Amino acid sequence: MTLLSLKNVSKHFDSTPAVAEVSLNVERGEFFGLLGPSGCGKTTTLRMIAGLEKPDSGTIEFDGQDITNLSPERRGFGMVFQNYALFPHLNVFENVAFGLRARHKPKAEIAQRVTSALELVQLPDYEKRRVDELSGGQQQRVAIARAVAIEPALLLFDEPLSNLDVALREETRGELRELVNRLGLTAVYVTHDQEEAFALCDRISVMMGGRILQTGKPRELYEHPAKISVARFLGRNNLIRVMRLSSSKSTLGEFKTLQGDHMLRLPIPHDELAPMNKPCFLAIRPEHLLITRSGARSENVLPARVRELNFAGATSSIKLDANGLQLEALVLQPDGLAIGDTCFATLPPERLLLLKND
Ligand code: ADP
Ligand code: MG
């Protein structure tokens, strides 16, 4: 069931369009991500959901009601920011109690809710500590406890982990997901970090230039980016410029690569996606390339030379030059290959993805 719904929401700052025609639905109990590069409008979108910015146009609905013009206080959403936004002069208890006091909760209830919120974030017995004595990770947990203490109908996160070091970020990420699950909360989580979004979110909207380009589950986005820009942003894709040959049948496309002059074949579900004799892009993930030492020259099997080998623990990356076409493969074992060796790269047709032009 849809809990939060944005319909054609737009926002300008002076002449800068920050958010353009954003529509999205967040289901009850969902951990929903907004992922995109810096400046793409994530924070502005989140602030409009919180009521801290007013949209120029469009509507925001929550639980079936139009809340576009409701004040932030009346929405009652919990927020966690990148910079924690704690009060340095107050102790941990008072920081967590802040939203409860603002809501004029009775003293006993405040004490009980603060204690249980601090237990949830694994900071029991920290009530009397000053926040400026705490580490960054502990401060961020206090900020999360403060957001959770009001038992918000919606939790909003704006890059809450980006000031933490890598190890702590991953640990806190796991705890955060577990906490939101346990409390059965609905969350909107803003980040520019793909790995973080993929690890945390049930569904993600990929944003660029103020617009949502694609919404889906992490695996869908990863395996089926709908557009070139999404494939580029989600990284580590081989993007191959090709031209579709007009000789090809409607369900099986034949493509000539613009670099290397190779022939690639793949099934084409929608004919209109692949115009004849016009350049377009095919994408394939590095882990989907098959690398062998011997092979025969045929379609989708490209002879190549090893340009670069990078050992990275469990996998190795191999950079290949296939007659001028640059490819990257990720393999478990580099199979004794060395720089300068020749090999064969197979691009399985079912792994090749035809991308829509942006
Ligand atoms: P993100 O969070 O994805 O980095 P923002 O929502 O902060 O992006 O910003 C989107 C665009 O709107 C940027 O071009 C930014 O410079 C602009 N912007 C954001 N807030 C303001 C503001 N208060 N005044 C003017 N421009 C702003
Ligand atoms: Mg931001």
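The values are calculated or read from the model by the stated rules, or taken from the named source; none is laboratory data. Predicted model only: the values in this text are computed from it and were never measured. Every residue, glycine among them, receives a Cβ derived from its backbone with ideal geometry; neighbour counts consider all protein chains shown. When the accessible area is computed, the model is the full protein with side chains, heavy atoms only, and any ligands, DNA or RNA have been set aside. Shrake-Rupley method; radii C 1.70, N 1.55, O 1.52, S 1.80 Å.
Taking the Cα centre of the range 181-269 as origin and assigning +1 to Lys and Arg Cβ atoms and -1 to Asp and Glu Cβ atoms, the resulting dipole is close to 300 debye. Fully extending the segment from A111 to E287, taken as 0.36 nm per residue of separation minus the present Cα-Cα distance, adds 58.1 nm. What lysines sit close enough to K319 to cross-link, taking a C-alpha to C-alpha distance under 28 Å and skipping anything fewer than 8 places away on the same chain? Partners found: K227, K256, K278, K356.
Treating the beta-carbon of each Lys and Arg as +1 and of each Asp and Glu as -1, no other charges, what is the dipole magnitude of the chain about its Cα centre, to the nearest 20 debye? If you can, show how the numbers build up before the last one.
On the way: 43 positive and 44 negative charges, 90 e Å.
Dipole of the chain, to the nearest 20 debye: 440 debye.
Measure up K11/K105; K11/K107; K7/K217 against 31 Å on the Cα-Cα distance and list the ones that go over.
Values: K11/K105 35 Å; K11/K107 41 Å; K7/K217 20 Å.
Correct reply: K11/K105; K11/K107.
Using a probe of 1.4 Å, the accessible surface attributed to R293 totals some 110 Å² when neighbouring protein chains are kept in position. Considering only the Cα atoms of the range 2-229, their convex hull presents on average a projected area of 12.7 nm².
Taking θ as phi - 60° and the Karplus parameters 6.51, -1.76 and 1.60, the scalar couplings of the range 313-319 work out to x, 5, 10, 10, 9, 10, 9 Hz in sequence order, x denoting glycine and proline. When only Cα pairs below 8 angstrom with a gap of at least 6 residues are kept, the range 236-355 shows a relative contact order of 29 percent. Once backbone amide H atoms are built at 1.01 Å from N, M208 has L213 as its partners under 5 Å, excluding neighbours fewer than 5 places away on the same chain. Spin-label model, L252/R307: points 7 Å from Cα along the beta carbon direction are separated by 3.1 nm. Given their separation in residues at 0.36 nm each and the Cα-Cα distance between them, L332 and E73 gain 88.0 nm when the chain is fully extended. Our helix-only sum for the chain, with -39,500 (n - 2.57) per DSSP H run of n ≥ 4 divided by its residues, gives a mean residue ellipticity at 222 nm of -7500 deg cm²/dmol. Rounded to the nearest whole Hz, the Karplus-based 3J(HN,Hα) values (6.51 cos²θ - 1.76 cosθ + 1.60, θ = phi - 60°) of the range 62-76 follow the sequence 10, 6, x, 10, 6, 10, 3, 10, 7, 5, x, 4, 6, 6, x, with x at glycine and proline. Protein heavy-atom surface of the chain, 1.4 angstrom probe: 50% of the accessible area is carbon and sulfur, with nucleic acids and ligands not counted. In order along the range 168-174, phi translates into HN-Hα couplings of 5, 4, 5, 5, 5, 4, x Hz, rounded to whole numbers, per the Karplus curve 6.51 cos²θ - 1.76 cosθ + 1.60 with θ = phi - 60° and x for Gly and Pro.
The peptide list 80-89, 45-54, put in order of mean Cβ contacts within 10 Å with the highest first, becomes 45-54, 80-89. Of N237, N181, N277, which has the largest mean-square fluctuation in a 10 Å C-alpha GNM of the chain? Between N237, N181, N277, it is N277 that shows the largest mean-square fluctuation.
Run the numbers on the range 1-42 and let me know its relative contact order in percent, using alpha-carbon pairs under 8 Å that are six or more apart.
Values: 56 pairs, mean separation 16.0, N = 42.
For the range 1-42, the relative contact order is 38 percent.
Scanning residues 5 or more positions from V80 or on other chains, those with amide H under 5 Å from its amide H are L156, F157, D158, with H placed 1.01 Å from N in the peptide plane.
Considering only T191, F87, P160, and ranking their Cα positions along the charge dipole of the chain that arises from unit charges at the beta-carbon of Lys, Arg, Asp and Glu, the one farthest toward the positive end is T191. Based on protein heavy atoms only, the chain ends up with 47 Å² per residue of surface accessible to a 1.4 Å probe. Computed over the chain, relative contact order equals 15 percent, with contacts defined as Cα pairs under 8 Å that lie 6+ residues apart.
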